[in-house]
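**Q** I have a structure here, written as structure tokens, and I will follow up with some questions on it.
The values are calculated or read from the model by the stated rules, or taken from the named source; none is laboratory data. Given the structure is predicted, the values throughout are model-derived calculations rather than measurements. Cβ placement follows ideal geometry from the backbone for every residue including glycine, while neighbour counts extend to all protein chains displayed.
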Amino acid sequence: MNPVDIVEPLRSRWSPSVFDAAHELSDTEISRLLEAAQWAPSSGNRQPWRYLVAVRGNAAHDVLVPHLSRGNAGWVPRASVVFISVTVVEPEGDGPGDPTYPLHDLGQASAHLTLQAKAMGLEAHQFAGFDHDAVGAALGVPDHARVVAGIAVGVRGNPAEVSERDAEREHKVRTRRPLVETAYGDRWGTPWPGITPSGPTTAEPA
């Protein structure tokens, strides 16, 4: 079953947990992903997003891997590259600022990167399970910036090469709550009356 009738690559996007540990991305491909994030919408064009590029074998990757949570330690290192997302909460010289908009903009940039990956025949899985403070400190993230998440990108691998737990995730059904529970009209909790008859809210992984 596929999701409702939305455009590609939104339609087929999902988050696999089995990557091909031998696959590599070229610098050009990685740059293309970063360019997709570069052109995301931005409040006041401040572009508060930053990405630390952790390619298998480089210094950033060596820092990240020991700080992954137990649930992520098996599958994340197999990805071709991990983008560690960072938001600049307080631009230098501006003093304390509202972190809401920078976080919102970072989310948009990361979504652009993820969808670009799918359009390039790659898969992306965003995750939060790692020691943000330790990774930020080791990689020199300044006090006015905040490590937020990771985005693992690569191509799908062989489930037989990973733990049973990670392999099982490949068959997990995708679910979303119905629109009547997320889109409100006249007041909070009252569904927007324009919602069309509900399409599927579950889908098998592609």
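**Q** How many residues does region 26-52 hold that are among the hydroxyl-bearing types (Ser, Thr, Tyr) and either over 21 Å from Ala152 (Cβ atoms) or crowded, with 17+ Cβ neighbours inside 10 Å (or both)?
**A** Qualifying residue count for the region: 3.
**Q** Further question on the same structure: Residue by residue through region 57-91, note down the ones that are modelled with pLDDT under 95 and of a type in the set (D, E, K, R).
**A** Residues satisfying the conditions are Arg70, Glu90.
**Q** Determine, yes or no, whether Leu25 is more than 22 Å from Ala128 (Cα to Cα) and touching a Gly at 6+ places or on another chain (Cβ under 9 Å).
**A** Numbers: more than 22 Å from Ala128 (Cα to Cα): yes; touching a Gly at 6+ places or on another chain (Cβ under 9 Å): yes.
Considered against the rule, which asks whether it is more than 22 Å from Ala128 (Cα to Cα) and touching a Gly at 6+ places or on another chain (Cβ under 9 Å), Leu25 comes out as yes.
**Q** What pairs come out if I take residues in region 152-169 that are at pLDDT below 75 and pair them with residues that are assigned to a helix (DSSP H, G or I) and exposed (fewer than 12 other Cβ atoms within 10 Å of the Cβ) whose C-beta lies under 8 Å away, six or more apart or interchain?
**A** The qualifying pairs are Ala167/Ala160.
**Q** Also, I was wondering about something else. Based on this model, can you work out whether Glu123 counts as under 25 Å from Leu33 (Cα atoms), at pLDDT 95 or above and either under 21 Å from the mean Cα position of the chain (by Cα) or among the hydroxyl-bearing types (Ser, Thr, Tyr) (or both)?
**A** Taking the combined requirement at face value, the residue satisfies it.
**Q** Suppose we filter region 179-206 for residues that are in a loop (DSSP other than H, G, I, E, B), surrounded by 10 or more Cβ atoms within 10 Å (Cβ to Cβ) and modelled with pLDDT of 90 or more; how many remain?
**A** 5
Each row is one residue, and each column tells you yes or no for (1) surrounded by 16 or more Cβ atoms within 10 Å (Cβ to Cβ); (2) in contact (Cβ under 8 Å) with a residue 60 or more places away in the chain; (3) under 15 Å from the mean Cα position of the chain (by Cα).
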residue: Trp14; (1), (2), (3): yes, yes, yes
residue: Glu24; (1), (2), (3): no, no, no
residue: Asn58; (1), (2), (3): no, no, no
residue: Val88; (1), (2), (3): yes, no, no
residue: His104; (1), (2), (3): no, yes, yes
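**Q** Let me ask something else about it. Condition first: in contact with a Leu (Cβ under 8 Å, 6 or more places away or on another chain), in a strand (DSSP E or B) and over 25 Å from Asn158 (Cα atoms). Can you find one or more residues in region 53-60 that meet it?
**A** Within region 53-60, none of the residues are in contact with a Leu (Cβ under 8 Å, 6 or more places away or on another chain), in a strand (DSSP E or B) and over 25 Å from Asn158 (Cα atoms).
**Q** OK, next. Looking at (1) of a type in the set (D, E, K, R); (2) within 23 Å of the chain's Cα centre (by Cα); (3) assigned by TED's automatic domain parsing to the domain that holds Lys118; (4) at pLDDT below 85, find the lone condition where Asp131 falls short.
**A** Failed condition: (4).
**Q** Would you say Arg32 is in the same structural domain as Ala138 (by TED's automatic domain parsing) and either closer than 15 Å to Val147 by Cβ or modelled with pLDDT of 95 or more (or both)?
**A** Details: in the same structural domain as Ala138 (by TED's automatic domain parsing): yes; either closer than 15 Å to Val147 by Cβ or modelled with pLDDT of 95 or more (or both): yes.
Criteria met by Arg32.
**Q** Just give me the residues in region 6-46 being of a type in the set (D, E, K, R) and either assigned to a helix (DSSP H, G or I) or under 26 Å from Tyr101 (Cβ atoms) (or both), in sequence order.
**A** Arg13, Asp27, Glu29, Arg32, Glu35, Arg46
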